[in-house]
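Q: The structure follows.
The values are calculated or read from the model by the stated rules, or taken from the named source; none is laboratory data. Computed from a predicted structure; not experimentally measured. Here the Cβ positions follow ideal geometry from the backbone for every residue, glycine too, while neighbour counts run over all protein chains shown.
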Amino acid sequence: MFCLGVTGGIGSGKSYVSRIFAAMDVPVYEADSQTKLLYERDVKLRLALIALLGGEIYRFGMLQKEVMAAKIFSDPNLLAQVNRLVHPVVIDDFSLWKAQQKAPYVVIESAIILETPFALVANRMLTVSAPFELRLERLCHRDPTCTTDVRRRIEKQWSDAMREAKSDYVVRSDGKIPLLPQILAIHYEMLELSKRKNGCR
């Protein structure tokens, strides 16, 4: 089964694009949200994280995100160790999920797919790009308390140019170019690629 990776920076519109694929009956695996569930559901992962970061990162079985973030984002080596624990668990979960799907192809959505081993599970990659100021406007519209912290988060992520250089497709989410024709063109190509892979004409 073919897999399309969908990525983009915060506020780019990648989740909206993924919902359009889902509306066309393409199964979508949201890696970022699924990872949050695995932090709590996967006992082995939880124990490994506690062994690495300390018991205070969990409370009543719930990950204390702020506590973990304070530990890892100021220590690149510790962050790398956490990623080495988390990424294989997510990939295994995705593989099990994918095996249960019946569609010609599936989508895996992740903000950091190009920066992680997740990229290896995708046959094709799609980047959703949007102008910086528009992304900032969207984020502040979602959260009226939007501060300079959001701007810093955007600036810390890969640029659109970096993502586009490693992608097969680019969807412009700038509010000017219609999204649906862009997505439909990719959808039809993915269907054709799937047919070829399975020997159908």
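Every residue, every condition in (1) within 30 Å of E189 (Cβ to Cβ); (2) in a helix (DSSP H, G or I); (3) in contact with a Leu (Cβ under 7 Å, 6 or more places away or on another chain); (4) aliphatic (A, V, I, L, M), yes or no:
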position: L45; (1), (2), (3), (4): no, yes, yes, yes
position: A48; (1), (2), (3), (4): no, yes, yes, yes
position: L78; (1), (2), (3), (4): no, yes, no, yes
position: R84; (1), (2), (3), (4): no, yes, no, no
position: D93; (1), (2), (3), (4): yes, yes, yes, no
position: K98; (1), (2), (3), (4): yes, yes, no, no
position: K102; (1), (2), (3), (4): yes, no, no, no
position: V107; (1), (2), (3), (4): yes, no, yes, yes
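Q: What single numbered condition from (1) in contact (Cβ under 8 Å) with a residue 60 or more places away in the chain; (2) closer than 24 Å to Q157 by Cα; (3) not polar (S, T, N, Q) fails to hold for L38?
A: (1)
Q: Answer yes or no: is there a residue in region 63-82 that is surrounded by fewer than 17 Cβ atoms within 10 Å (Cβ to Cβ), in contact (Cβ under 8 Å) with a residue 12 or more places away in the chain, under 18 Å from the mean Cα position of the chain (by Cα) and within 17 Å of A111 (Cα to Cα).
A: Checked region 63-82: no residue is surrounded by fewer than 17 Cβ atoms within 10 Å (Cβ to Cβ), in contact (Cβ under 8 Å) with a residue 12 or more places away in the chain, under 18 Å from the mean Cα position of the chain (by Cα) and within 17 Å of A111 (Cα to Cα).
Q: Could you check region 26-70 and list, in sequence order, the residues that are β-branched (V, I, T) and closer than 22 Å to D93 by Cα? Walk me through it before giving the result.
A: So the first thing to find is which residues in region 26-70 are β-branched (V, I, T), and the list is 26, 28, 35, 43, 50, 57, 67.
Within region 26-70, V26, V28, T35, V43, I50 qualify.
Q: Let me ask you something else. Going through region 41-55 one residue at a time, which ones are over 15 Å from E66 (Cα atoms) and either surrounded by fewer than 17 Cβ atoms within 10 Å (Cβ to Cβ) or among the hydrophobic types (A, V, I, L, M, F, W, C) (or both)? Spell out the reasoning first.
A: Initially, region 41-55 is screened for residues over 15 Å from E66 (Cα atoms), giving 41-48, 51-52.
Passing the criteria: R41, V43, K44, L45, L47, A48, A51, L52.
Q: All but one of (1) over 16 Å from the mean Cα position of the chain (by Cα); (2) among the small types (G, A, S); (3) in the same structural domain as K36 (by TED's automatic domain parsing) hold for S95; which doesn't?
A: (1)
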